[in-house]
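Engineer: I have a structure I would like to understand better, so I am pasting it below and will then ask my questions one at a time.
Just so it is clear, none of the values below were taken in a lab; they were calculated from the coordinates. All values reported here derive from a predicted model rather than from experimental measurement. Counting neighbours? That spans all protein chains shown, and the Cβs are built from the backbone with ideal geometry, glycine included.
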Amino acid sequence: MVTISAVMSGVAEVRALIVQARERLALNGQQTILFIDEIHRFNKAQQDALLPHVEDGTVTLVGATTENPYFEVNSALLSRLRVYRLEPLTDEQVATVVRRALTDPDRGLAGDLGPAGGVALADEAFNLLVELSAGDARQALNVLEGAVSIADSDKIRDTEGHVAPRVEDVEAAAQQRALAYDRAGDGHYDTVSAFIKSIRGNDPDAALYWLASMIAAGEDPRFIARRLIILASEDVGLADPRALATAVAAAQALEWVGLPEAQYALAQATVLLAVTTKSNAVGRGYFAAMADVLGKGSLPVPAHLRSSGFGRRDYRYPHDFEGDDIDQQYLPDSLTGSRYYFPGDQGAEVKIGERLERLATARRTITRRKTPVEGQPHADPMATGSEGMRRRQQSLRDLADEERRDAGE
């Protein structure tokens, strides 16, 4: 097996290894296993250089990466590989590694590699070390080595002469738990996925934990705020109209005060979204409409709904009728009668559904125009508003002309 690191090697070294592998195969009939550590560090051209030699069997490629290979390895190369995901060790497995390090006389601390007299770790310190490792054996061994060094320098030994690191020695060696989080990798996507699903699943405790995990690991708080805004519409919608306003307010609070104070606003929005009623009816309705747009194209606007043309005179202004509603066609001709939005049975959507039902019932009866209220002024909002804006623009032009004349004098 030949081992290289993508951090230290380039195309030239890979090509030299391929030449050697071909000679080995031709002269000895021996295949070569090429192990590339941190393979994601190779760019597209470097990965492409491997492809023909993997295809023809010159080398058997084994790559290791801490990134998601589906994002970082070329699809052509990835299609010729089998991906194995290595999961964090369990606490029991980490404990086994630590015990071996404490008792192994050849490769552990019980022999020449350790302090005179060996090392003994009390249960409390041992359990803390395992917990702090977060499933990472290398982290556990590094913390163990540091704690032993601290205890040895402080001459902390038990009655049998073993160096005996204390809980505070383990804490000092660890400094803080190494958070398994990478803003550009799987940790980022997995954690935000857990965050969103905890809120959607009505679990405020889990949602707060994942929020704290992201903040502690250095996640961009604006990314979190954006996700809360998206979720407020996607998963709560009109079941609780406060949700979107709260999420937007949290994002605004973040812009105004920043961290650490904005943690309160983010936590408040997180809890409200987690505990309130949920509905995805708005999203379902929207994407059902989008499916019709994609499938049937952009359909003509009915004549009475257009902004100009003879047919617009047939438009009936809902506010002129009792209940501020009138039965008329709003969808394109070929979609008449279609429905997209079906209110859910939670929160405010219950009342929305009841109102839509009342409107549907009223539209089946004769709709009457409103009786004019004595003394109430009447004006056409569109016509009056347009005339008001026209006069405003004229006043601004007159004022500008006057200022130019004054400047000329």
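Engineer: What GluC sites (Glu not before Pro) does the stretch 241-338 have in DSSP loop regions with at most 16 other beta carbons within 10 Å?
Structural biologist: Qualifying residues, ordered by number: Glu261.
Engineer: Could you tell me what percent of the DSSP beta bridges with both partners in the chain are antiparallel, to the nearest 5?
Structural biologist: Expressed as a percentage, antiparallel bridges in the chain total about 15.
Engineer: Still on this model: I need the shape label for the stretch 186-275. Rule: rounded when a/c is under 1.5, else prolate if a/b > b/c, else oblate, with a, b, c from the alpha carbon gyration tensor.
Structural biologist: Oblate.
Engineer: Moving on to the next point. For a quick protection proxy, order the peptides 395-403, 279-287 by their average other-Cβ count within 10 Å, most packed first.
Structural biologist: In decreasing order of mean packing, 395-403, 279-287 become 279-287, 395-403.
Engineer: If you don't mind, another one. Let me know the volume per residue of the alpha-carbon convex hull for the stretch 91-174, in Å³.
Structural biologist: Normalising the Cα hull of the stretch 91-174 by residue number yields 76 Å³.
Engineer: Could you name the lysines in cross-link range of Lys278, using Cα to Cα under 22 Å and dropping any fewer than eight places away on the same chain?
Structural biologist: Lys197, Lys351
Engineer: Work out the length of the dipole vector of the chain about its Cα centre, built from +1 on the beta-carbon of each Lys and Arg and -1 on the beta-carbon of each Asp and Glu, and round it to the nearest 20 debye.
Structural biologist: That gives a dipole near 2180 debye.
Engineer: Right, another one. Toward the positive end of the charge dipole of the chain, about the Cα centre and with charges on Cβ (Lys, Arg +1; Asp, Glu -1), which of Thr270, Asn68, Phe287 goes farthest?
Structural biologist: Comparing the listed Cα positions along the dipole, Phe287 ranks first.
Engineer: Is the stretch 2-78 best put as rounded, prolate or oblate by its Cα gyration tensor, with a ≥ b ≥ c the root eigenvalues, rounded for a/c under 1.5, and otherwise prolate when a/b is larger than b/c, oblate when not?
Structural biologist: prolate
Engineer: Just check the stretch 1-137 against the gyration tensor rule for me: Cα atoms, a ≥ b ≥ c as the square roots of the eigenvalues, rounded for a/c under 1.5, and otherwise prolate or oblate depending on whether a/b exceeds b/c.
Structural biologist: Prolate shape, in that a/c is at least 1.5 and a/b is the bigger ratio.
Engineer: Sort out for me the Cα centre separation of the stretch 69-139 from the stretch 193-228, rounded to whole Å.
Structural biologist: The two parts, judged by their Cα centres, are 29 Å apart.
Engineer: Among (i) 155; (ii) 138; (iii) 348, find the value of volume of the Cα convex hull per residue in Å³ that was calculated from the structure presented, and write down its label.
Structural biologist: Step by step, volume of the Cα convex hull per residue in Å³ for this structure corresponds to label (iii).
Engineer: Report, in degrees rounded to the nearest 10, the 0 to 90 angle that the Cα long axis of helix 348-363 makes with the longest principal axis of the chain.
Structural biologist: Helix 348-363 sits roughly 30 degrees off the main axis of the chain.
Engineer: Would you mind counting up the charge near Asp203? Only other residues with Cβ under 15 Å from its Cβ, with Lys and Arg at +1 and Asp and Glu at -1.
Structural biologist: So the surrounding residues net to +1.
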